[in-house]
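The values are calculated or read from the model by the stated rules, or taken from the named source; none is laboratory data. Computed from a predicted structure; not experimentally measured. All Cβ positions, glycine included, derive from the backbone under ideal geometry; neighbour counts span all protein chains shown.
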Amino acid sequence: MRTFKTLLIANRGEIACRIMRTASRLGYRTVAVHSDVDAQAPHAQMADVSVEIGPAPAAQSYLDIERIIAAAHETGADAIHPGYGFLSENAEFAKRCAEEDIVFVGPKPRSIDLMGNKAAAKRLMIDADVPCVPGYQGEDQSDETLIREATAVGFPLMIKAAAGGGGKGMRLIHSVDHLEAGLLAARSEARNSFGSGELILERAIINPRHIEIQVFGDQAGDIIHMGERDCSVQRRHQKILEESPSPIMTPDLRERMGQAAVAAARTVDYQGAGTVEFLLGADGEFYFLEMNTRLQVEHPVTEEVTGLDLVELQLRVAQGLPLGISQEQIALSGHAIEARLYAEDAANDFMPATGKIEIWVAPEGDGIRCDDGLKTGLEVSPHYDPMLAKIIGIGPDREAARLNLIKALNQTVLIGPKVNRDFLVRSLERPAFIAGKATTSFISEEFAEGFAELIPTSEQIAVGAVLLYGAQRKAARQQALTIPEELLNWSSGPPLVTNYLLAGKKVSVTPKENGYRVVVDEDVIALADVSEDSHSARFRIGNVLERATFLAHPSSINLIFEDGEFDFHDGYADSAEGSSAGGDGMIEAPMHGTVIEILVEPNQQVDHGQRLAVMEAMKMQHDIIAPAAGRVTAIHCSVAAQVAANSLMIELDLELNSGVEE
């Protein structure tokens, strides 16, 4: 048995805060590490001690093993919890902890090594008789071999990075015509994301469910499973909604998948928290996908239906104590569904978003759990993953959990960078999800035309106009001499009318007794009993008293209602230019990020749709595409350079394309 007193959390954001809450409850002294941009982040402020370990880029801070080890020695930390992501599945980090006599809260380095490479792990699982998807996981990585093996496996086919996950280095190929390009793109992304271009090929299981089994092992060799999580709702192979138990699970299937997961864990002498992931076909057959040798993002849903604290169990096992719970004692009670709140623009192909969080209000109440590491004023950085918080709905059954999650999301307020709140709510309201029929094709099927932003009602536009009018009036009063309250909105002539152009509609606001008369195009709306408290407003429309959260700017307003969020800009007053879409040949960065490839040269002729460069932001790669045919006249960026959103990257001369229809 090896006891420890001080726990360093080698991570950031919500998972660092979540680990600290359990560690503090158990009496451990906690240490946070942070990059320079995270000095004021909640996880750095929550810990008993915090240490700055480097600049913003993760490679120079959260991925720097020696700086984290040094921080542990400096603060007297005798244990390190890696959380998830970053160094959590890095065998070298686990080895360095052992060399420095620091307890690594996780599996043995050998277990991480064995499961860290998809190709090697799959070969191991085949030997252990764990069901695996047919494919190729050989060491010969030549294009000729991969193309030959892909043809033998058949189409549709999945190309996957052997060294990583999270949807990076992964491509679905439907025919041999797209195979060579798919291999090239997957290998490039894998190399940039994981430092290895090794690939595996697998037969694509069409419309499967993504089911994962939570396993736990102790140092005495006891391994159990804690039921399943259904993580089928994904975009770009990254999970969005997760739940436990799975709506299609049967006792027999749970038993068979649980035994396979335990067998997989036993093969690598696993200890601590781990997850064995499977694809479940429509025919009821399941196949090993991968094993994550760490705590999963979605572990809260397992905690809520088992009543167990998985971080507490991790700390217990790390000390050499037995799990203290047998397989027979594991029982699932009730239901829990988790939604991942991402900083992204769902209506713009889920483009990552960055910027300052102007207002953050977490949901709370019965049947609601929120794991976050946010606060008002925090800057969402392009250097890290775009997931900001996890919001969980809990109930005695699935429908109660679903309704509680929708309620929680409707209570969630984040004004600043765009988030996917509305997309999550609309996903939860789809009949296919309600019926428990979602597969990994859910988003592509349910949002085949993409996700369209909500269209505001005339009433919502009216509320935005009135609150914008009130904010502008307050700003004017601050620059004027004292005006008696009774003279506000008073005029010796006709009622004062203020005009706006919001959401493409002409809007007029006229103050009247106890409220406002608002005309939105042809619709007349009366707002009464309007009251404001900081960024919260209450108002009456007809007999209904409602509320909204808002942030007003000189000529625009951010509004969050219970059933949607909107950004209204006054078309009459707001002359700010939007970012260039490249129609004039000025190719601008769509977000803050790092340039990882430049694929063209000055004077090069390019075609419409041709890739010009590749950026990385929030751990995802994004292609910069030519909007039309033309000639490269200038390149204003370089590989490895940081570029700001809307900064000029490449200039194209589109004159040669004049008069040609695309």
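Observations on the model:
- Residue in the stretch 196-205 that is surrounded by 22 or more Cβ atoms within 10 Å (Cβ to Cβ), β-branched (Val, Ile, Thr) and under 22 Å from the mean Cα position of the chain (by Cα) present: no
- Strands (runs of 3 or more DSSP E) completely within the stretch 183-274 that count 2 or more residues being in contact with a Pro (Cβ under 8 Å, 6 or more places away or on another chain): 199-203, 223-235
- Yes/no for THR145 being over 30 Å from the mean Cα position of the chain (by Cα), touching a residue at least 12 places away in the same chain (Cβ under 8 Å) and outside any loop (DSSP other than H, G, I, E, B): no
- Consider the stretch 168-190 and keep the residues that are buried (at least 18 other Cβ atoms within 10 Å of the Cβ) and closer than 16 Å to ILE205 by Cα. The one that is farthest from the chain's Cα centre (by Cα) is ILE173.
- Residue pairs meeting the criteria (Cβ under 7 Å; at least 6 apart or on separate chains; first within 20 Å of GLY307 (Cα to Cα), in the stretch 380-402; second modelled with pLDDT under 95): none
- Test: residue in the stretch 58-68 that is part of a loop (DSSP other than H, G, I, E, B), hydroxyl-bearing (Ser, Thr, Tyr), touching a Phe, Trp or Tyr at 6+ places or on another chain (Cβ under 7 Å) and surrounded by 21 or more Cβ atoms within 10 Å (Cβ to Cβ): yes
- Single condition ARG21 does not satisfy, out of (1) among the charged types (D, E, K, R); (2) under 17 Å from TYR84 (Cα atoms); (3) in contact (Cβ under 8 Å) with a residue 40 or more places away in the chain: (3)
- Per the conditions (1) more than 29 Å from ASP218 (Cβ to Cβ); (2) more than 25 Å from the chain's Cα centre (by Cα), the sole criterion not satisfied by GLN45 is (2).
- Residue list for the stretch 586-609, restricted to those being part of a strand (DSSP E or B) and of a type outside the set (D, E, K, R): MET586, ILE587, GLY593, THR594, VAL595, ILE596, ILE598, GLN605, VAL606
- Considered as a group, the residues in the stretch 437-453 that are surrounded by fewer than 16 Cβ atoms within 10 Å (Cβ to Cβ) and of a type outside the set (Ser, Thr, Tyr) include one that is nearest to LEU241 (Cα to Cα), and that residue is LYS437.
- Test: residue in the stretch 315-334 that is out of contact with any Asp or Glu (no Cβ under 7 Å at 6 or more places or on another chain), closer than 29 Å to SER444 by Cβ and crowded, with 21+ Cβ neighbours inside 10 Å: no
- Residue check, GLY85 more than 30 Å from VAL268 (Cβ to Cβ) and surrounded by fewer than 23 Cβ atoms within 10 Å (Cβ to Cβ): no
- Candidates in the stretch 611-642 are the residues that are crowded, with 16+ Cβ neighbours inside 10 Å and not in a strand (DSSP E or B); of these, the one that is farthest from the chain's Cα centre (by Cα) is ALA629.
- Just one residue in the set ALA39, ALA79, ALA56 is farther than 24 Å from LEU378 by Cα and either of a type outside the set (Ser, Thr, Tyr) or over 26 Å from the mean Cα position of the chain (by Cα) (or both); that residue is ALA79.
- Where a residue in the stretch 409-438 is over 20 Å from ILE394 (Cβ atoms) and without any contact (Cβ under 8 Å) to a residue 40 or more places away in the chain and its partner, wherever it lies, is among the hydrophobic types (A, V, I, L, M, F, W, C) and crowded, with 21+ Cβ neighbours inside 10 Å, with Cβ under 7 Å and at least six apart: ALA432/ALA438; ALA432/PHE442
- Scan of the stretch 173-211 for residues that are farther than 30 Å from LEU87 by Cβ, among the aliphatic types (A, V, I, L, M) and free of Cβ contacts under 8 Å to residues at least 40 places away in the same chain, ordered by number: ILE173, VAL176, LEU179, ALA181
- Unmet criterion (only one of (1) at pLDDT 95 or above; (2) in contact with a Phe, Trp or Tyr (Cβ under 6 Å, 6 or more places away or on another chain); (3) not in a helix (DSSP H, G or I)) for THR439: (2)
- Condition check for ALA94: small (Gly, Ala, Ser), part of a helix (DSSP H, G or I) and at pLDDT below 95: no
- Residue check for ILE330: aliphatic (A, V, I, L, M), in contact with a strand residue (DSSP E or B) (Cβ under 8 Å, 6 or more places away or on another chain) and either at pLDDT below 95 or over 29 Å from GLU429 (Cα atoms) (or both): yes
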